[in-house]
Amino acid sequence: MADARAIYPDLSTRPANLAREAASLVGLRRWVSRYAPMVASDGTDGLIADITGVAHLFGGEAELQDDLHARIERAGLTALSAIADTRGAAYALARHGGGIIPEGALAKGTAHLPVSALRIDHATADGLGRVGLSRIGDLIAQPRAPLGRRFGAFLLLRLDQLLGYQPEPVSAGTEPPHFGVRMTLPEPIGLQSDVMAGLARLLDRLCATLALHHQGARRLRLELRRVDHGTAQVEIGLARPMRDPARIAALFSKGVDEVDAGFGIDAMRLSAPVTEPMPPEQTGSGPAQRHQDDLADLVSRLGNRIGFDHVLRLAPSDSKIPERSFHMTAAAWSEPVAAPLRRGPLRPATLFLSEPVTHASGNPPVRFRWRRMEFTTLRAHGPERITPEWWFDDPAWRSGLRDYWRIETREGPRLWLFHTPQAPDWRVQGEFV
Amino acid sequence: MTPLRDLTHRTAPADPLSLLKGRVHEAEGPGRRAFALFQARRHSGTVLWILPAYEPQRPMLHGLPEGVSERLLVLTPKNETDLLWCVEEALRANPVGLVIAEPQQMLSLTAGRRLQLAAEAGQSTGLLLIRTDHGSAATETRWHCAPLPAPDADSTLHCWSTKKNKKGTIGSWVLNWNGTSAAFDMVSAAGERSQPAQPAC
């Protein structure tokens, strides 16, 4: 890096984003499939396409390559490509200038390439260079047995693959399953019942696809294209992965009700952007299973109206700070957790942001005012000292240590008061049963 | 014309503190949340606690009665309309045992009646924690709940009284419930004693 800067001071550098590069390579692979049925990614920076029997459709190999380059250039990319009889030769040539090796001229066409183009490791390439074999042509001319003995069978395999003595097929990777179905209608529809009927058909197909791949949908999106090319969208979330058409359709009815059909809807598209694995299981068997299903349906219904982040469950956390000793998690994305054992001092049944206490006298206070009510202490239990978590800067805990007291008042309420000795003050934070 | 359903066969439960199933009840007063937790402990099935998103006073996990936190769902809708919708939807659902809700505004008769119909359809119990005198006339029972100062450190006294009861008489109960188990003790009315009790020896 320093050397590169010394040579060219205005060098602009950016860190490599491998994940995004891989993603764009996948996109490019899908595009290249217009040239060949079998396209696979080749290393981290290349694609290999098996164009056997395809070239004549484009008018020949050279025309195919020109077409490819013209299109890639129009997209703003720079690429090198090579066409050869074998995968090894195409790999080697594409990384050293590109071009076309005509049929039957593999040895001649690759003779000038360095041995490192053979897909061998650095140590082998260095070893070959040390004995004076720096080009592939030199290697081909050598007797095979001593080469194999000295550099291993792997080098010979690579050489055979380059020259076509060993087969090396291109296998296209499996496409990830696509969970989307569409339907175009001969006549525009506007009635809610018609949309729901269409949705039912789409759901049947989508759920069949989901079942085939053992997946369940967590989010579903219904796009309705109107005659005037406007698009209405209805999106629902599900409390747990699901692929039951009838239960999903019921959740859509409210969203479909709100859609403005305009002059009519002539195309529908249903997709599942978020899916989760859902192995086949026996559903609707016993009362326990039915209870689970009904509860999931209820959470879905509630979540789709008030938002899934407002349907919460209490879960314990590992902290002594009262407000962080538990957290509220979305019920749709969590399982019920068994309550922790009760031990140590009592905890209030309800908790709130601490509120100030006025006219407090004594320690613990004998008399105080809270929420404009007068209280007299009948009994006080405490103190329980809780220290702030120094690794966590909480504005509410900036006043330092807290001494918690359980105060039973003569008026009835049993309150959870705390005193902050480092900044003398009394506050209420909870109410006991 | 459809005949009206005979409502007379539904008798009030024997235990005065249990809430009639399939109906919506109301509780007010400073101890209403304790009453709600007491009822949550006594009901099986999922318990829903519906309170507005801006309400700062929320249930605390470590202070809940035993066996409630696993089946408790807390719903925090943003406005009053959503809150009532949630109550109705939850009451209609099958797996729900008890729905506790904290509406902030006065309930109209229409809203109260709708909730009663929903509870009847789902055979679940509703308990609305209302502000004093903010209830609706459609409620089955209305409780006034207040914590009482205890004479000794081991007891936790509550005074729960019915202000309204559609299927029975009203009454007032003082009981000792410590907020953890379902067990509780009825405390008999305190009489005036001229002398301290003699120790039984």
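The values are calculated or read from the model by the stated rules, or taken from the named source; none is laboratory data. Bear in mind that the values here come from a model prediction, so they are computed numbers and not experimental data. All Cβ positions, even for glycine, are placed from backbone atoms using ideal geometry, and neighbour counts span all protein chains on display.
Worth pointing out:
- Here B:GLU120 passes the criteria (1) touching a residue at least 40 places away in the same chain (Cβ under 8 Å); (2) within 14 Å of another protein chain (Cβ to nearest Cβ) except the one numbered (2).
- Verdict on B:LEU91 being closer than 28 Å to A:LEU346 by Cβ, modelled with pLDDT of 90 or more and hydrophobic (A, V, I, L, M, F, W, C): no
- Only a single item in (1) small (Gly, Ala, Ser); (2) in contact (Cβ under 8 Å) with a residue 40 or more places away in the chain; (3) surrounded by 15 or more Cβ atoms within 10 Å (Cβ to Cβ) is not met by A:SER319, and it is number (3).
- In the range B:33-82, residue farthest from B:GLY126 (Cα to Cα) [restricted to those that are within 9 Å of chain A (Cβ to nearest Cβ), part of a helix (DSSP H, G or I) and over 15 Å from the mean Cα position of the chain (by Cα)]: B:HIS62
- Scanning the range A:290-320 for residues being farther than 15 Å from A:PRO241 by Cα and out of contact with any helix residue (DSSP H, G or I) (no Cβ under 7 Å at 6 or more places or on another chain) gives a total of 9.
- Any hit, the range B:19-31, residues being at pLDDT 90 or above, within 9 Å of chain A (Cβ to nearest Cβ) and buried (at least 21 other Cβ atoms within 10 Å of the Cβ): yes
- If only residues of the range A:34-44 that are in contact (Cβ under 8 Å) with a residue 24 or more places away in the chain and surrounded by 12 or more Cβ atoms within 10 Å (Cβ to Cβ) are counted, the one that is nearest to A:ALA89 (Cα to Cα) is A:ASP42.
- Of the set (1) of a type in the set (Ser, Thr, Tyr); (2) more than 9 Å from chain B (Cβ to nearest Cβ); (3) surrounded by 12 or more Cβ atoms within 10 Å (Cβ to Cβ), all apply to A:THR358 but (3).
- Among the candidates A:ARG225, A:ARG205, A:ARG201, the residue that is part of a helix (DSSP H, G or I), of a type in the set (Lys, Arg) and out of contact with any Leu (no Cβ under 9 Å at 6 or more places or on another chain) is uniquely A:ARG201.
- Candidates are the residues of the range A:286-336 that are within 30 Å of A:LEU401 (Cβ to Cβ), of a type in the set (A, V, I, L, M) and at the interface with chain B (Cβ under 7 Å from one of its Cβ atoms); the one that is nearest to the chain's Cα centre (by Cα) is A:MET328.
- Applying the set (1) surrounded by 20 or more Cβ atoms within 10 Å (Cβ to Cβ); (2) within 12 Å of chain A (Cβ to nearest Cβ) to B:PRO103 leaves exactly one unmet item: (2).
- Residues of the range A:1-52 satisfying the condition of being under 20 Å from A:THR174 (Cα atoms), out of contact with any helix residue (DSSP H, G or I) (no Cβ under 8 Å at 6 or more places or on another chain) and among the small types (Gly, Ala, Ser): A:ALA19, A:ALA22, A:ALA23, A:SER24, A:GLY27, A:SER33, A:ALA36, A:GLY43
- Enumeration of residues in the range B:139-154 that are surrounded by 15 or more Cβ atoms within 10 Å (Cβ to Cβ) and over 14 Å from the mean Cα position of the chain (by Cα): B:PRO147, B:LEU148, B:PRO149, B:ALA150
- Scanning the range A:97-129 for residues that are of a type in the set (A, V, I, L, M) and out of contact with any strand residue (DSSP E or B) (no Cβ under 9 Å at 6 or more places or on another chain), we see that the one that is nearest to A:LEU159 (Cα to Cα) is A:LEU118.
- Condition met for B:LEU75 (surrounded by 20 or more Cβ atoms within 10 Å (Cβ to Cβ) and touching a Cys at 6+ places or on another chain (Cβ under 7 Å)): yes
- Only residues that are surrounded by 16 or more Cβ atoms within 10 Å (Cβ to Cβ), outside any strand (DSSP E or B) and either without any contact (Cβ under 8 Å) to a residue 40 or more places away in the chain or under 43 Å from the mean Cα position of the chain (by Cα) (or both) were counted in the range A:365-400, giving 3.
- The set of residues in the range A:184-210 being of a type in the set (A, V, I, L, M) and surrounded by fewer than 14 Cβ atoms within 10 Å (Cβ to Cβ) consists of A:LEU191, A:ALA197, A:ALA208.
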